[in-house]
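Here's the structure we're looking at; comments come further down.
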Amino acid sequence: MKKYRPLFLLGALSSMAAGAASVDTSQWKCESCPFEQGVSGTLDLGVGHVAGASAKFGDFTGLDKNRAFLIAGGSARFRGAEGLYGDFTASDLGLDVRSLAVDAGREGLFRIKLGYLESPHHLGASAQTPFLGNGGAVLTLPKGFPAATTDAMPLAGSLQSVDIGFKRSRYDIAASWIQGVDWTYRVSLRRDVRDGTQRGAGAFFANASQLVLPVDQVTDQLEVSTSYASPRWQATLAYNASLFRNGQESVTWSNPFSIGSIGPSIGQIALAPDNQFHQLMASLGYAPSTSIRVSAEIAVGRMTQDALFLASTMNPSLAVPSLPSQSLQGGAATLNASLRLTAAATDHLRLNAVFSHDERDNQTTSASYPAVSTDMFIAAILRTNPTYSFRQDRLKLSADYRGPGSLKAGVGADQDNRDRTLQETTSTRETTLWARAAVQPIQNLSVSLKLAHSQRGNEGYNKVPWIDPAENPLLRKFNQADRNRDTLGLRADITASERVSIGFHADAAQDDFTHSTVGLTESRSISFGGDLSFAISEQSSLQFFAQGERIRSRQSGSQTYAQADWWARTDDSVDTMGLGIRHSAMGGKLALGADLALSRSRTDISIETAASSPPFPAATTALDSLRLHATYRLKENLSLTGSYWYEHFDAQDWRLMGVLPATISNLLAFGEQVPRYHANVVRLGVRYRF
């Protein structure tokens, strides 16, 4: 072996350095450097057409009408010297789901974000009503009203179709900046505007009408925070505010029914009142060592609502006593706190503890109010508004163990204590024990399992005196009743080959309400499914998934205010399947893709009574969706894009089918039917990269 002396190595390095000094590197380019400079982006332009559209298909898509539309969108990216950057995105500018976003700043110094989002929410398009002024504060009726029943109303010549839904517009602005190394400041403001209509209803004694109510709402949210972060300490102080304003405080409507001399001619219904929420939050984290971390959070808030009361009734024939105040003067204080401890006891064992406390103290004054029933009668007894409050304490303890080989295991215990005021039970206590494990028994197989058992009990269940008529003493509300719950989850993943991977999962849950004679008594659910990923070749791939879910619940009721004398069983099933294919052709110039999704659901309800009763008709839904898309690269920076989307929706719902505006004599209904459609959407466009 030949050995080199240090003097020889020093001389060799010196000669290499001297030679390098004579090389001209001014024209050298870094081919793999991640730092980019200048402007780049994409621009999408084209046209599309939708046929067979409906309100449901257009919900959150903007494709609710048969028409041609413009495809316009794109993105731009800027990277400059000294960390300056800017990102701009725009999408669906030719539809009612358009969005814009700007993100710019300087790395490590400041950041500014702007955003706009528009989204339609279609609630129905097959509604019919004789009311005039829909979407406003006053609903009137044409000539020929009122009438004793819907059969006697002149609906044939007065019904008009109305689209029910609203548009939401969201505006965002946010800024953050860094001072020094440790401090960060943030300010963000969001405004949500909702404008349109929604469903509503009003009643006079035994007669009711479905109404189109206006939506004219604005919600402003503000967040201001400052944060400090060092290797051991982290702290944040923040203020949040949410202000809700409704441009319409009420709606008055004409009574379409003639119900005698005492019946009122108009009614009034209140809409959501203006309200505010303010919160101050602080958090602190400390890591005394690399194996221990402690963190705490506390948030103090207050909710207020002080909108003026409406009149108790619009019926001039009722002598209603005055209200105890002009407004609710509602207020509630909130407190949210948590404490978390994480410790690595050994290289293989990690311990976790979390305690959280949530509290809402309703500080609204209780008062006695005159009770007016459907604008026709005044109750002899005044009603008092109860001020519900609650407190919740949760403790979670867990341990995670990484054992020999591939074994990962964990155990834990959760305790959930809830105290309530002015409700049937003052407190509930729920304890949950759980365990999970994951292991890879062979190289191509990994399996995970989780088991949990919980028990919830209450400290006595009593009737509350202000509910009139009184509740059945055997009734138990499902969220307060004693309950035993068992859950199981299983997952298996198989790597069949370098190209094929398969996964299976199953989850089951069982709820038993052990002491509920009247109410929900049991619930069972199971879900199962699988997924497949297959790399057919370097140019083609396939993904597939399928999942099913079954839910069964049973409840009991009493018609005689005593022991249960009827029972209801509900069976729900949901099945979904999806298939996706990707293929690259023509040397990568052509990219093809297809996505297929199928979904089926079914609900069966049966009633058992002393007399034989047939089950309710099944309620079903079916959704089929197929999407095809292709991109062909004409040049390095120019591509043609195209897509086709087919969707079919069908449903059966006995609650709506056949119920027209005059089907029920004392209900003036919208007559909405179950939505069904076959929609086709075609898009053709050009994508330019710069």
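The values are calculated or read from the model by the stated rules, or taken from the named source; none is laboratory data. Not measured: the values here are computed from a predicted model. As a convention, Cβ positions derive from the backbone with ideal geometry for all residues, glycine included, and neighbour counts pool all protein chains shown. Ligands, DNA and RNA are excluded from the accessible area calculation, which covers all protein heavy atoms including side chains. Shrake-Rupley method; radii C 1.70, N 1.55, O 1.52, S 1.80 Å.
Among the residues of the stretch 287-311, those that are under 20 Å from Leu351 (Cβ atoms) and open to solvent by less than 70 Å² (accessible area, probe 1.4 Å) comprise Ala287, Pro288, Ser289, Ser291, Ile292, Val294, Ser295, Ala296.
Annotation note: of Ser446, Ser497, Ser427, Ser398, the sole residue that is out of contact with any Leu (no Cβ under 6 Å at 6 or more places or on another chain) and without any contact (Cβ under 8 Å) to a residue 12 or more places away in the chain is Ser497. Could you list, in sequence order, all residues of the stretch 371-418 that are charged (D, E, K, R) and within 27 Å of the chain's Cα centre (by Cα)? Answer for the stretch 371-418, where residues must be charged (D, E, K, R) and within 27 Å of the chain's Cα centre (by Cα): Arg391, Asp393, Arg394, Lys396, Asp414, Asp416, Arg418.
Quick one: which residue in Ala452, Ala508 is more than 23 Å from Gln415 (Cβ to Cβ), at pLDDT 95 or above, in a strand (DSSP E or B) and not aromatic (Phe, Trp, Tyr)?
On the way: Ala452 fails: more than 23 Å from Gln415 (Cβ to Cβ).
Result: Ala508 is the single residue among Ala452, Ala508 that is more than 23 Å from Gln415 (Cβ to Cβ), at pLDDT 95 or above, in a strand (DSSP E or B) and not aromatic (Phe, Trp, Tyr).
Would you mind stating whether Val686 is within 30 Å of Ser75 (Cα to Cα), in a strand (DSSP E or B) and open to solvent by 40 Å² or more (accessible area, probe 1.4 Å)? Yes: the conditions hold for Val686.
Tell me, yes or no, whether the stretch 552-562 has at least one residue that is touching a strand residue (DSSP E or B) at 6+ places or on another chain (Cβ under 8 Å) and aliphatic (A, V, I, L, M). The answer is no; no qualifying residue exists.
Just give me the residues in the stretch 526-581 being hydroxyl-bearing (Ser, Thr, Tyr), free of Cβ contacts under 8 Å to residues at least 60 places away in the same chain and either within 14 Å of Ser601 (Cβ to Cβ) or not in a strand (DSSP E or B) (or both), in sequence order.
Those that are hydroxyl-bearing (Ser, Thr, Tyr), free of Cβ contacts under 8 Å to residues at least 60 places away in the same chain and either within 14 Å of Ser601 (Cβ to Cβ) or not in a strand (DSSP E or B) (or both): Ser527, Ser537, Thr560, Thr570, Ser573, Thr576.
Hey, can you tell me all the residues within the stretch 614-645 that are aromatic (Phe, Trp, Tyr), open to solvent by 60 Å² or more (accessible area, probe 1.4 Å) and closer than 30 Å to Tyr688 by Cα? Steps first, answer last, please.
Residues of the stretch 614-645 aromatic (Phe, Trp, Tyr): 616, 632, 644-645.
Pick out the ones that are also open to solvent by 60 Å² or more (accessible area, probe 1.4 Å) and you get 616, 632, 644.
Correct list: Tyr632, Tyr644.
Taken over the stretch 312-322, the criterion of being loosely packed, with under 15 Cβ neighbours inside 10 Å and either in contact with a Phe, Trp or Tyr (Cβ under 6 Å, 6 or more places away or on another chain) or not β-branched (Val, Ile, Thr) (or both) is satisfied by Pro316, Ser317, Ala319, Pro321, Ser322.
Condition test on Gln217, is it in contact (Cβ under 8 Å) with a residue 24 or more places away in the chain, within 23 Å of Ala353 (Cα to Cα), among the polar types (S, T, N, Q) and surrounded by 17 or more Cβ atoms within 10 Å (Cβ to Cβ)? Answer is no for this residue. Checking the stated criteria, Trp183 turns out to be closer than 30 Å to Phe110 by Cβ and exposed (fewer than 15 other Cβ atoms within 10 Å of the Cβ).
Each residue in the stretch 579-616 was checked for being over 23 Å from Tyr646 (Cβ atoms) and in contact with a Lys or Arg (Cβ under 6 Å, 6 or more places away or on another chain), and 2 of them qualify.
For the stretch 282-297, state whether one or more residues are over 30 Å from Gly196 (Cα atoms) and among the charged types (D, E, K, R). So far as the stretch 282-297 goes, yes, one or more of its residues are over 30 Å from Gly196 (Cα atoms) and among the charged types (D, E, K, R).
Here the condition is being over 27 Å from the mean Cα position of the chain (by Cα), under 24 Å from Gly548 (Cβ atoms) and in a strand (DSSP E or B); of Ala630, Ala651, Ala594, it holds for Ala594 alone. Would you mind finding the one in Leu280, Leu243, Leu237 that is surrounded by fewer than 16 Cβ atoms within 10 Å (Cβ to Cβ), under 23 Å from the mean Cα position of the chain (by Cα) and closer than 30 Å to Asp358 by Cβ? Every option except Leu243 fails the conditions. If you go through the stretch 396-422 and keep only what is closer than 12 Å to Arg350 by Cβ and of a type in the set (D, E, K, R), you end up with Asp400, Arg402, Lys408.
Checked against the criterion of being open to solvent by 70 Å² or more (accessible area, probe 1.4 Å), basic (Lys, Arg) and in contact with a strand residue (DSSP E or B) (Cβ under 8 Å, 6 or more places away or on another chain), the candidates Lys463, Lys450 yield just one match: Lys450. Scanning the stretch 168-210 for residues that are more than 20 Å from Met281 (Cβ to Cβ), in a strand (DSSP E or B), out of contact with any Lys or Arg (no Cβ under 8 Å at 6 or more places or on another chain) and among the hydrophobic types (A, V, I, L, M, F, W, C) gives Ile178, Ala201, Ala203, Phe204, Ala208.
Would a scan of the stretch 649-671 turn up a residue that is more than 30 Å from Thr150 (Cα to Cα) and open to solvent by 30 Å² or more (accessible area, probe 1.4 Å)? Spell out how you get there, then give the answer.
Of all residues in the stretch 649-671, those more than 30 Å from Thr150 (Cα to Cα) come to 649.
If we keep only those that are open to solvent by 30 Å² or more (accessible area, probe 1.4 Å) as well, we get none.
No.
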